[in-house]
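To start, the structure under review is shown below, and the notes come after it.
The values are calculated or read from the model by the stated rules, or taken from the named source; none is laboratory data. The model shown is predicted, which means the values in this text are computed figures rather than measured ones. Please note: Cβ atoms are built from the backbone with ideal geometry, for glycine as well, and neighbour counts cover all protein chains shown. Accessible surface areas use protein heavy atoms only, side chains included; no ligands, DNA or RNA. Shrake-Rupley method; radii C 1.70, N 1.55, O 1.52, S 1.80 Å.
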Amino acid sequence: MANFSEHDLTDEVLRSFASTPDARLKFLIEETVKSLHDLVRRTGLTFEEWNQAIELLTRTGQTCTPLRQEFILLSDVLGVSMLVDAVNHREREGATETTVLGPFYVGEHRETPHGADISEGIDGEPMFVRSRVTDLAGNPLAGAEIDVWHADEDGFYDSQKSDYATHGPSLRARFVTDCDGRFSFRTILPCSYPIPTDGPVGDLITATKRHPMRPAHVHFLVKARGYEPLITHVFLDGDAYLRSDVVFGVKDELVARVEPRSDPALPNGEQVAGPWHLMSYEFQMKPGTGLVPQPMMSAAE
Ligand code: BEZ
Ligand code: FE
């Protein structure tokens, strides 16, 4: 049959996918077609609006580079990333809460000794992070790998800077837990920062009068053999954007009190002149398996 009406066109498109051998792929395509067709009917979408949507997606793809993932950003500001996170973590069983990976997991996490300074001389107030990885019963997990990354005190990640190719990673490292499940490092206090607004996602945020801010946080990706990989952040208590994160990523349990300290030495014995901060946080891992996110592309490519 030809001359499809706005109603029977959907059935005809669904029929065209009827021979898809992979059942899950077939289901996902069918549901996508149904949702998209419903959207067009419900909104009475105009040609101009459809063209604008296509242009937004085109520019989103064109903005991606080996060090910039605008599609993840789009998914994040639309709340899709946190929704995928929610439906995939319905049974937490006491494990640490998860949140978005974000677009700045670019790889390049070098294994680093406990207590080391990962700020490599970048300006900022010193912060010492003391942490531990355990199972759900509180038993230490030795040999767990933790990738850490965060922004500087101006709100930029190393990979956003023009000298990244020559200077390499900073505020980015990998630790392996000791026999008590512990790891620690020195860094600088992160601050709240805007997501990149110089691309199509920024245009969307501006056009809809949203603010682009994320509350201050440190990213952690924890991997331990026999346990679900944990993708999370620890947020700094007191941040002004904790209740309005532009990517909807805050969960109360992930907010840590970061203690202001004035003792002359950090826990690693280094002397400090002036105030510093202590972040203490423990991660509880759930038994299981799961996909470890791959850095989108090697920064060196
Ligand atoms: C981040 O925290 O790195 C981030 C997450 C989602 C969107 C933009 C940035
Ligand atoms: Fe971040």
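Under a point-charge model restricted to the Cβ atoms of Lys and Arg (+1) and Asp and Glu (-1), what is the dipole moment magnitude of the stretch 147-235 relative to its Cα centre, in debye to the nearest 20? Could you put the intermediate results ahead of the total?
Working: 10 positive and 11 negative charges, 47 e Å.
In total the dipole reaches around 220 debye.
Which value in Å is the Kirkwood Rh of the chain over different Cα pairs?
Working: mean 1/r = 0.0465 Å⁻¹.
Evaluated over the chain, this radius sits at 21.5 Å.
Of all accessible surface on the stretch 22-153 at a 1.4 Å probe, what whole percent is carbon and sulfur? Mind dumping the intermediate values first?
Numbers: 4000 of 7230 Å².
Heavy-atom surface of the stretch 22-153 belonging to carbon and sulfur, 1.4 Å probe: 55 percent.
Computed from backbone phi with θ = phi - 60° and the Karplus coefficients 6.51, -1.76 and 1.60, the 3J(HN,Hα) list for the stretch 159-171 is 6, 8, 8, 5, 8, 4, 4, 8, 8, x, x, 8, 6 Hz; x is used for glycine and proline. Remark: accessible surface ordering of D76, D123 (largest first) is D123, D76, probe radius 1.4 Å.
By how many nm would the segment from D180 to D252 lengthen if fully extended, with 0.36 nm per residue of separation less the alpha-carbon distance? Present the calculation step by step, with values, prior to reporting the outcome.
On the way: separation 72, 0.36 × 72 = 25.92 nm, distance 2.64 nm.
Taking D180 through D252 to full extension adds about 23.3 nm, to one decimal.
For the stretch 253-265, backbone phi angles converted through the Karplus equation (6.51, -1.76, 1.60; θ = phi - 60°) give residue-by-residue couplings of 5, 8, 8, 10, 6, 9, 6, x, 10, 9, 4, x, 10 Hz, Gly and Pro being listed as x. Dipole of the stretch 70-284 computed with +1 at Lys/Arg Cβ and -1 at Asp/Glu Cβ about the Cα centre; of C191, I205, M127, farthest Cα towards the positive end is I205.
Using packing as a proxy for protection, rank 176-182, 265-271, 87-93 so that the peptide with the highest average count of other Cβ atoms within 10 Å comes first.
Details: 176-182: 15.9, 265-271: 12.6, 87-93: 10.1.
By packing density, highest mean first, the sequence is 176-182, 265-271, 87-93.
Taking a ≥ b ≥ c as the square roots of the Cα gyration tensor eigenvalues, the stretch 9-63 comes out oblate, since a/c reaches at least 1.5 and a/b does not exceed b/c. Of I54, I205, the order by accessible heavy-atom surface (1.4 Å probe, DNA, RNA and ligands excluded), from most exposed downward, is I54, I205. Remark on F283: its backbone amide H falls under 5 Å from those of R132, V133, T134, a criterion applied only to residues 5 or more positions apart or on other chains, H modelled at 1.01 Å from N. Residues whose amide H falls under 5 Å from that of I188, counting only those 5 or more places apart or on a different chain, are M127, with hydrogens built in the peptide plane. Ranking A2, N88, G102 by how far each Cα lies toward the positive end of the dipole of the chain (charges on Cβ) leaves N88 at the top. As I understand it, the dipole of the chain uses +1 on the Cβ of Lys and Arg and -1 on the Cβ of Asp and Glu, about the Cα centre. Which of P295, I54, V222 lies farthest toward its positive end? Of the listed residues, the answer is V222. Once backbone amide H atoms are built at 1.01 Å from N, V255 has F235 as its partners under 5 Å, excluding neighbours fewer than 5 places away on the same chain.
Remark: the stretch 135-148, residue by residue, has Karplus-estimated 3J(HN,Hα) of 7, 5, 8, x, 6, x, 10, 7, x, 6, 9, 10, 8, 10 Hz, where x stands for each Gly or Pro and the curve is 6.51 cos²θ - 1.76 cosθ + 1.60 at θ = phi - 60°.
DSSP assigns beta bridges within the chain; of those with both partners inside it, close to 70 percent run antiparallel.
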